[in-house]
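For reference, the structure is listed below as structure tokens.
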Amino acid sequence: MAVFRADLHIHSCLSPCGDLSSSPRAVARVAKRAGMDLAALTDHNTARNAPAFDTACRNEGITPLFGIEVTTWEEVHALVIFPSASTAWNAGEEIYERLSSDSFDAESFGDQVWVNEHEEIEGTLEKLLILGATDLSLDDLGPWCRQRGGLFIPAHIDRTAFGILGQLGFLPEGPFDGVECTKPLPVETTGPWTVIASSDAHHPDHIGRRHLEFDGSAPSFDDLCYALGAGDVRPVF
Ligand SMILES: [Zn+2]
Ligand SMILES: [Zn+2]
């Protein structure tokens, strides 16, 4: 057994307010430097940077995970995290399709670009990824995620903006593979769920500032799932 570190919530240049300093390659490089063994790219409502992140992490020798920070119908942010870039890509295309289309002013929000492994821009996305919501409710999203083999983790539950507690005032029944908190919370608040910490970095400097540790035989998605299921992870705030 060994100890592994994971940051399960990182944004790239595809999230508005990120720029090319947050390319998938830069994210992978900094995650490695910050001591992470696994890193999940979780842009808002898309996974178009998953293939570039896959290559970048393999070059750095860390395990890539591929997520989406989905905005549910209730305007709650929830992470869905997959072991394969292609699964995440397909899931991301469906989520983007289901995202309401708000008018989008690139002057104020910046471009939402997706890139290839050489950091060349492949395209931009038209819908504003951080405003609006998908038509999936929290109750829909859990089964939707599990059908695709993913982990389902409500994000920053204690944050006023887009956190479950802020939006709903209570934690729904779940089930969840974990709940992400930005600080230690009383167990009456987090219920029976495994508490995780992750950076929610929108800039590479923030990667790993919060993360989790788990014991396993390999820095793999399966070992992470096992540790989450056993409630055997240590959030580092
Ligand atoms: Zn969020
Ligand atoms: Zn986020």
Review point. What nm value, rounded to one decimal, do you get for the distance between Glu75 and His202 when each label is placed 7 Å out toward the C-beta?
Key: 1.6
**Study point:** Sum of side-chain charges, Cys225 neighbourhood, beta-carbon under 13 Å (Lys, Arg +1; Asp, Glu -1)
**Key:** -3
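Determine the order of His211, His202, His118 by accessible area, beginning with the largest, at a probe radius of 1.4 Å.
Numbers: His211 20, His202 55, His118 110 Å².
I get His118, His202, His211, largest accessible area first.
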Exercise for review: Express the accessible area of region 14-169 per residue in Å², computed with a 1.4 Å probe while the remaining protein chains stay in the model.
Suggested key: 40
**Study point:** Label-point gap, in nm, between Ser220 and Lys183 - each point 7 angstrom along Cα→Cβ
**Key:** 3.9
Review point. Considering only protein heavy atoms and a 1.4 Å probe, what is the carbon-and-sulfur percentage of the accessible area of the chain?
Key: 50
Review point. Once you charge only the Cβ atoms, +1 for Lys and Arg and -1 for Asp and Glu, what is the size of the charge dipole of region 2-236 about its Cα centre, to the nearest 20 debye?
Key: 680
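Let me know the shape class of the chain, please: from the alpha-carbon gyration tensor, a ≥ b ≥ c as square roots of the eigenvalues, rounded when a/c is under 1.5, otherwise prolate if a/b is greater than b/c, or oblate.
Taking the square roots of the gyration eigenvalues as a ≥ b ≥ c, the chain is oblate.
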Exercise for review: Starting from the Cα of Glu126, step 7 Å along the direction of its Cβ; do the same at Glu94; then give the gap between the two resulting points in nm.
Suggested key: 2.3
Point to revise | Theoretical ellipticity at 222 nm over the chain - DSSP helices of four or more residues, -39500 (n - 2.57) apiece, nearest 500 | key: -7500 deg cm²/dmol
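The values are calculated or read from the model by the stated rules, or taken from the named source; none is laboratory data. Since the structure is predicted, the reported quantities are computational estimates derived from the model, not experimental observations. With ideal geometry, Cβ positions are generated from the backbone for all residues, glycine too; neighbour counts draw on all protein chains shown. Each accessible area value is taken on the protein alone, full model and side chains, heavy atoms only, with ligands, DNA and RNA left out. Shrake-Rupley method; radii C 1.70, N 1.55, O 1.52, S 1.80 Å.
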